[in-house]
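Peer 1: After the structure tokens below, expect a handful of questions from me.
The values are calculated or read from the model by the stated rules, or taken from the named source; none is laboratory data. Computed from a predicted structure; not experimentally measured. Quick reminder, even Gly has a Cβ in these numbers, built from the backbone with ideal geometry, and neighbours come from all protein chains shown.
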Amino acid sequence: MKQGNPKNITRRAFVGAAVAATAVASTATFAQGAPIKIGLSIAQTGGLGAGGKAALLGLQMWRDDVNAKGGILGRKVELIVYDDQSNPATTPGIYTKLLDVDKVDLLIAPYGTNPTAPIMPLVKQRGLLLMGNFSFEVNERIQHDMWFNNAPWNDSVTWFSGFMEMGMKRGAKTIAFLAADAEFSQSLATGAKNLAKHNGLKTVYDQKYPPNTNEFSSMIRSIKASKPDVVFIASYPSESVAIVRAVNEIGVGSTVKLIGGGMVGLQFGPIMESLGSQLNGFVNYTSYAPEKTVEFPGLKDFLSRYAVKAKVEKVDPLGFYLPPFNYAIGQMLEAAIVATKGLDQKALAKYMRDTEHKTIVGPIKYQRNGEWANARVMMVQFTGLKDKDMEQFRQPGKQVILSPAPYKSGELKFPYEKARN
Amino acid sequence: MSGKMSSMGGNNRIFVGGCIAVVLAAIALMTGVRTDYVFNASYVVLQFIVLASAWNILGGYAGYVNFGTSAFFAMGGYTALFMIKMFNAPLLVQIIAAACCTGVLGLGIGLISLRLRGIFFSIATVAVAIVLETVILNTDYFGGAKGLQMMRPEPIAPFTSYDTMLFFVMVLMAISAVAISRYIEQSWIGRGLRAIKDNEEAAECVGVPTLKLKLIATVVSGALMGAAGAPLVMYMRFIEPVSAFSLNYSVSALAMPIIGGTSSWIGPVIGALLLGSVQQIVTVTISSELNVLIVGVLLVFFVVVAPDGILGLVRKLRTKNSAKGDAKGGAQ
């Protein structure tokens, strides 16, 4: 049997003790500064997947920035993320796991209205703060007072009013509606119809279509035949692409002063690039356009850093629509935790409600229902676009902001048939 | 004959004992586990046991492939919503109403589409799902395309949370569905349905009441699917047509019996436990994206390698082993 040298044993024991002491010390430090866990589900697959991936990158950039500064209150930030497949049926299970198994400190809602809807009763019943992620009127029924949406809108009236005012100013008397038979587009279309009726616009065409329709020629021909002054479209990405192509092919007639409004997808770089010049003349909503009238501290820096990462991650290279607003969620949470010096949900919610938040997407103040007090849905007109050129969308003058007034960067070109050329 | 009878009696006793054991295990789980997530995930797996067992009554025993599971499931959910909105009905009443409503729907579909066979019957069931989804999409009372959010009421004593209550209800529903499926398999109904599956004309010629049996199968299968969908509103706290009528329910309800084995009541249970659990684990570990891939790959694998499912595979292996044993015995 080999006997050890007593001197060596002492040295080994010393080294062992040192290692153990270091391990104990580091464990203690870790326990003191245990990470702040923020949980969310966000679509990485399904209909909302493309937007969800870009949005998540924005949030991850905030996490990396915060952690590079040493975290919040000395604690690193950890994101716990699951893919909800754009399917609301998956979110109750995921959020229950986030709360009960992962023991997250804070919650961010899934991207989109439908995946968020099942979470609202859950957070209300448990009295939890929930940061919204581009959902629409999802708190209308539940009225949870700890809900704060990052999307720059509040209701369908404020959304549609800018679009309709433009039409009214140009003497519009008639309107056509084309909307997908799905939650967001129907909510939008319902609000738009009410406002149009209130303002005396006569509806000459009103058509719903099943989601994922890709053949619109008959509907566009019917719109053309009804000779409207304004055409309001509420559609989802694949349908928006098909509608733009159909309108370019068939035309909508010389009476149409403006067309567009609520077309989801025309904010995403790859779709904008693929449509190129076919977008010219369309007027549509967005959350940000690189016009000189829109200058928020930190936004340009964020977008230039995002562009580098987006190339690596192979997500929307422009990232105008969702990523900055996801970064803003992080900024608001960070400010609230620092100000309240903790993670008490009620204190955080009170701070959220009472404060005007400084973010890279501009100041955000919330109204009672957790939506923006000063809605800022930008209506932009695509002009002077060429085909197959992604970089052109980073230049001013390609998405001219028509409303709201403080950010206006140009005048509406109309009628549409003239504006498209 | 009497030997067979006593063996069936023995099997029944084992089955009843198994059911009691499952209920006791569920009660132990509810008293021992404090995280709602366990009940949430288990609820989904149990829900698939009901759907798979229900699908197998028509698809497995009678050979009529139903692609419209989502239609029955969603109608169950919307019937429950109607009962809540109209009468503020408790969960049990919602489930009974959903089962009745979808049973009648099953009867209707049976009368209309059982004149169709094979792929034409399957297409008709898809059409029913599309028609019903369109109706719901355009009915404002049910929230239309926007759907409706619901606040859960307080759980009924002795349950401490609504999640545990839903879990226990689904345990009972799964046991009932499996028991019904087992009864049908072993009774004259199951024998008749198997005769229909083998050769419908021949069955009719020898006096099997084919239409009557097919109607029983569609009604029972539909009622069970609807009952499984009834608690959906309170499970999700929300219902909207696109996810309620999702094709995923139809595909999973079909894939689970095929993977487990369609010839016996235990096949859908094995398939649902296996596939449902894997789906739940994958969703929160690797990626939800893999869910669909897993279902697809397993389905292709079993259709090609083991068309009779896990049950068939086990039977094949047993036969092989016993043949080997016989050969060895002979050699000795």
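Peer 1: So which residues in the stretch A:283-305 are over 28 Å from A:Val244 (Cα atoms) and within 16 Å of the chain's Cα centre (by Cα)?
Peer 2: Quick first cut of the stretch A:283-305, residues over 28 Å from A:Val244 (Cα atoms) only: A:295-302, A:304-305.
A:Leu299, A:Phe302 - these are the residues of the stretch A:283-305 that are over 28 Å from A:Val244 (Cα atoms) and within 16 Å of the chain's Cα centre (by Cα).
Peer 1: Does the stretch A:179-197 contain at least one residue that is more than 13 Å from chain B (Cβ to nearest Cβ), surrounded by fewer than 24 Cβ atoms within 10 Å (Cβ to Cβ) and in a loop (DSSP other than H, G, I, E, B)?
Peer 2: No, every residue in the stretch A:179-197 fails to be more than 13 Å from chain B (Cβ to nearest Cβ), surrounded by fewer than 24 Cβ atoms within 10 Å (Cβ to Cβ) and in a loop (DSSP other than H, G, I, E, B).
Peer 1: Could you list, in sequence order, all residues of the stretch A:128-142 that are touching a strand residue (DSSP E or B) at 6+ places or on another chain (Cβ under 8 Å) and touching a residue at least 60 places away in the same chain (Cβ under 8 Å)? Even if it seems obvious, please write down each step before you answer.
Peer 2: As a first pass, look at the stretch A:128-142 and keep what is touching a strand residue (DSSP E or B) at 6+ places or on another chain (Cβ under 8 Å): A:128-135, A:138-139, A:141-142.
A:Leu128, A:Leu129, A:Met131, A:Gly132, A:Asn133, A:Phe134, A:Asn139, listed by residue number.
Peer 1: Next question. Any idea how many residues of the stretch B:156-171 are more than 11 Å from every other protein chain (Cβ to nearest Cβ) and either buried (at least 16 other Cβ atoms within 10 Å of the Cβ) or touching a Pro at 6+ places or on another chain (Cβ under 7 Å) (or both)? I'd like the intermediate steps shown before the answer.
Peer 2: First pass over the stretch B:156-171, keeping only residues more than 11 Å from every other protein chain (Cβ to nearest Cβ): B:156-160, B:164-165, B:167-171.
With the extra rule that they be either buried (at least 16 other Cβ atoms within 10 Å of the Cβ) or touching a Pro at 6+ places or on another chain (Cβ under 7 Å) (or both), the set shrinks to B:159, B:164-165, B:167-171.
Total meeting the criteria: 8.
Peer 1: Against the condition among the polar types (S, T, N, Q), at pLDDT below 95 and assigned by TED's automatic domain parsing to the domain that holds A:Asn194, how does A:Ser235 come out, does it pass?
Peer 2: Details: among the polar types (S, T, N, Q): yes; at pLDDT below 95: yes; assigned by TED's automatic domain parsing to the domain that holds A:Asn194: yes.
Here the answer is yes, as A:Ser235 does meet what is asked.
Peer 1: Turning to a different aspect of this structure: So, of the residues in the stretch B:112-148 that are small (Gly, Ala, Ser), on the phi < 0 side of the Ramachandran plot and within 24 Å of the chain's Cα centre (by Cα), which turns out to be surrounded by the fewest Cβ atoms within 10 Å (Cβ to Cβ)?
Peer 2: So, considering only residues that are small (Gly, Ala, Ser), on the phi < 0 side of the Ramachandran plot and within 24 Å of the chain's Cα centre (by Cα), the one surrounded by the fewest Cβ atoms within 10 Å (Cβ to Cβ) is B:Ala127.
Peer 1: Scan the stretch A:220-276 residue by residue and report those that are crowded, with 24+ Cβ neighbours inside 10 Å and of a type in the set (Asp, Glu).
Peer 2: Listed by number, the list holds a single entry, A:Glu239.
Peer 1: Evaluate the stretch B:230-249: report whether one residue or more is in contact with a Leu (Cβ under 8 Å, 6 or more places away or on another chain), over 24 Å from B:Met151 (Cα atoms) and either within 14 Å of chain A (Cβ to nearest Cβ) or charged (D, E, K, R) (or both). Steps first, answer last, please.
Peer 2: First, the residues of the stretch B:230-249 that are in contact with a Leu (Cβ under 8 Å, 6 or more places away or on another chain): B:230-231, B:233-235, B:237-241, B:244-245, B:249.
Next cut, over 24 Å from B:Met151 (Cα atoms) only: B:249.
Keeping just the survivors that are either within 14 Å of chain A (Cβ to nearest Cβ) or charged (D, E, K, R) (or both) gives B:249.
The answer is yes; a qualifying residue exists.
Peer 1: Of all helices (runs of 4 or more DSSP H) completely enclosed by the stretch B:46-155, which ones contain at least 2 residues that are within 14 Å of chain A (Cβ to nearest Cβ), in contact with a Leu (Cβ under 7 Å, 6 or more places away or on another chain) and not charged (D, E, K, R)?
Peer 2: Values: elements: B:69-87, B:91-113, B:118-137.
Per the criteria, B:69-87.
Peer 1: Taking B:Gly106, is it surrounded by 24 or more Cβ atoms within 10 Å (Cβ to Cβ) and farther than 17 Å from B:Val178 by Cβ?
Peer 2: Values: surrounded by 24 or more Cβ atoms within 10 Å (Cβ to Cβ): yes; farther than 17 Å from B:Val178 by Cβ: yes.
When the stated conditions are applied, B:Gly106 passes them.
Peer 1: Given the criteria in contact (Cβ under 8 Å) with a residue 24 or more places away in the chain, within 15 Å of A:Asn87 (Cβ to Cβ), away from every other protein chain (no Cβ under 11 Å) and of a type in the set (Val, Ile, Thr), does B:Val219 qualify? Show your work before the answer.
Peer 2: On the way: in contact (Cβ under 8 Å) with a residue 24 or more places away in the chain: yes; within 15 Å of A:Asn87 (Cβ to Cβ): no; away from every other protein chain (no Cβ under 11 Å): yes; of a type in the set (Val, Ile, Thr): yes.
So B:Val219 fails the test.
Peer 1: Is it fair to say B:Val219 is over 30 Å from A:Thr90 (Cβ atoms) and surrounded by fewer than 24 Cβ atoms within 10 Å (Cβ to Cβ)? It would help to see each step written out before you state the result.
Peer 2: Numbers: over 30 Å from A:Thr90 (Cβ atoms): yes; surrounded by fewer than 24 Cβ atoms within 10 Å (Cβ to Cβ): yes.
In short, yes.
Peer 1: Is it the case that A:Leu385 is in contact (Cβ under 8 Å) with a residue 24 or more places away in the chain, over 27 Å from A:Ser304 (Cβ atoms) and in a loop (DSSP other than H, G, I, E, B)?
Peer 2: Numbers: in contact (Cβ under 8 Å) with a residue 24 or more places away in the chain: yes; over 27 Å from A:Ser304 (Cβ atoms): no; in a loop (DSSP other than H, G, I, E, B): yes.
Here the answer is no, as A:Leu385 does not meet what is asked.
Peer 1: Among the residues that make up the stretch B:48-60, is at least one of them of a type in the set (Gly, Ala, Ser) and modelled with pLDDT under 95? Give the steps one after another, and end with the answer.
Peer 2: The first filter runs over the stretch B:48-60 and keeps only residues of a type in the set (Gly, Ala, Ser), leaving B:52-54, B:59-60.
Then drop every residue that is not modelled with pLDDT under 95, which leaves B:59-60.
There is at least one residue in the stretch B:48-60 that is of a type in the set (Gly, Ala, Ser) and modelled with pLDDT under 95.
Peer 1: To continue, here is another question. So, in the stretch B:68-94, exactly how many residues are modelled with pLDDT under 95 and buried (at least 22 other Cβ atoms within 10 Å of the Cβ)?
Peer 2: Qualifying residue count for the region: 1.
Peer 1: Let me ask something else. Output the residues belonging to the stretch A:128-143 that are more than 10 Å from chain B (Cβ to nearest Cβ) and under 20 Å from the mean Cα position of the chain (by Cα). Outline the logic, then answer.
Peer 2: Here is the first cut: in the stretch A:128-143, the ones more than 10 Å from chain B (Cβ to nearest Cβ) are A:128-135, A:143.
Of everything in the stretch A:128-143, those that are more than 10 Å from chain B (Cβ to nearest Cβ) and under 20 Å from the mean Cα position of the chain (by Cα) turn out to be A:Leu129, A:Leu130, A:Met131, A:Gly132, A:Asn133, A:Phe134, A:Ser135.
Peer 1: Give me a count of the residues in the stretch A:145-178 that are more than 14 Å from every other protein chain (Cβ to nearest Cβ), part of a strand (DSSP E or B) and over 20 Å from A:Ser240 (Cα atoms).
Peer 2: Of the residues in that region, 3 qualify.
Peer 1: In the stretch A:205-235, how many are under 23 Å from B:Thr139 (Cα atoms) and either away from every other protein chain (no Cβ under 14 Å) or in contact with a Gly (Cβ under 7 Å, 6 or more places away or on another chain) (or both)?
Peer 2: Initial filter on the stretch A:205-235 (under 23 Å from B:Thr139 (Cα atoms)): A:205-213, A:219, A:232-235.
Restricting the remaining residues to those that are either away from every other protein chain (no Cβ under 14 Å) or in contact with a Gly (Cβ under 7 Å, 6 or more places away or on another chain) (or both) gives A:205, A:219, A:232-234.
Of the residues in the stretch A:205-235, 5 are under 23 Å from B:Thr139 (Cα atoms) and either away from every other protein chain (no Cβ under 14 Å) or in contact with a Gly (Cβ under 7 Å, 6 or more places away or on another chain) (or both).
Peer 1: If you don't mind, another one. Which members of the stretch A:182-204 meet the condition of being of a type in the set (Val, Ile, Thr) and closer than 16 Å to B:Thr139 by Cα? Break it down stepwise before answering.
Peer 2: Here is the first cut: in the stretch A:182-204, the residues of a type in the set (Val, Ile, Thr) are A:190, A:203-204.
Across the stretch A:182-204, the qualifying residue is only A:Thr190.
Peer 1: Applying the selection to the stretch B:141-158, what residues are under 17 Å from B:Ala74 (Cβ atoms) and among the charged types (D, E, K, R)?
Peer 2: B:Lys146
Peer 1: Shifting gears a bit: Of the conditions (1) part of a strand (DSSP E or B); (2) modelled with pLDDT under 95, A:Arg376 satisfies every one except a single condition; which number is it?
Peer 2: Against the list (1) part of a strand (DSSP E or B); (2) modelled with pLDDT under 95, A:Arg376 comes up short only on (1).
Peer 1: Is it true that A:Asp206 is over 16 Å from the mean Cα position of the chain (by Cα) and either part of a strand (DSSP E or B) or among the aromatic types (Phe, Trp, Tyr) (or both)?
Peer 2: Working: over 16 Å from the mean Cα position of the chain (by Cα): yes; either part of a strand (DSSP E or B) or among the aromatic types (Phe, Trp, Tyr) (or both): yes.
The answer is yes for A:Asp206.
Peer 1: Let me ask you something else. Can you tell me which of A:Thr174, A:Thr203, A:Thr158 is at pLDDT 95 or above, within 27 Å of A:Ile401 (Cβ to Cβ) and among the hydroxyl-bearing types (Ser, Thr, Tyr)? If you could, list the steps in order and put the result at the bottom.
Peer 2: Working: A:Thr203 fails: within 27 Å of A:Ile401 (Cβ to Cβ); A:Thr158 fails: at pLDDT 95 or above.
Just a single option satisfies the conditions, and that option is A:Thr174.
Peer 1: Another one. Scan the stretch A:61-97 residue by residue and report those that are of a type in the set (A, V, I, L, M) and surrounded by fewer than 24 Cβ atoms within 10 Å (Cβ to Cβ). Before the answer, list the steps.
Peer 2: Let us first name the residues in the stretch A:61-97 that are of a type in the set (A, V, I, L, M), namely A:61, A:66, A:68, A:72-73, A:77, A:79-81, A:89, A:94.
Those that are of a type in the set (A, V, I, L, M) and surrounded by fewer than 24 Cβ atoms within 10 Å (Cβ to Cβ): A:Met61, A:Val66, A:Ala68, A:Ile72, A:Leu73, A:Val77, A:Leu79, A:Ile80, A:Val81.
Peer 1: Quickly run through the stretch B:19-46 and pick out the residues that are among the polar types (S, T, N, Q) and closer than 16 Å to B:Ile175 by Cβ.
Peer 2: As a first pass, look at the stretch B:19-46 and keep what is among the polar types (S, T, N, Q): B:31, B:35, B:40, B:42.
If the condition is that a residue be among the polar types (S, T, N, Q) and closer than 16 Å to B:Ile175 by Cβ, then B:Ser42 is the only one that fits.
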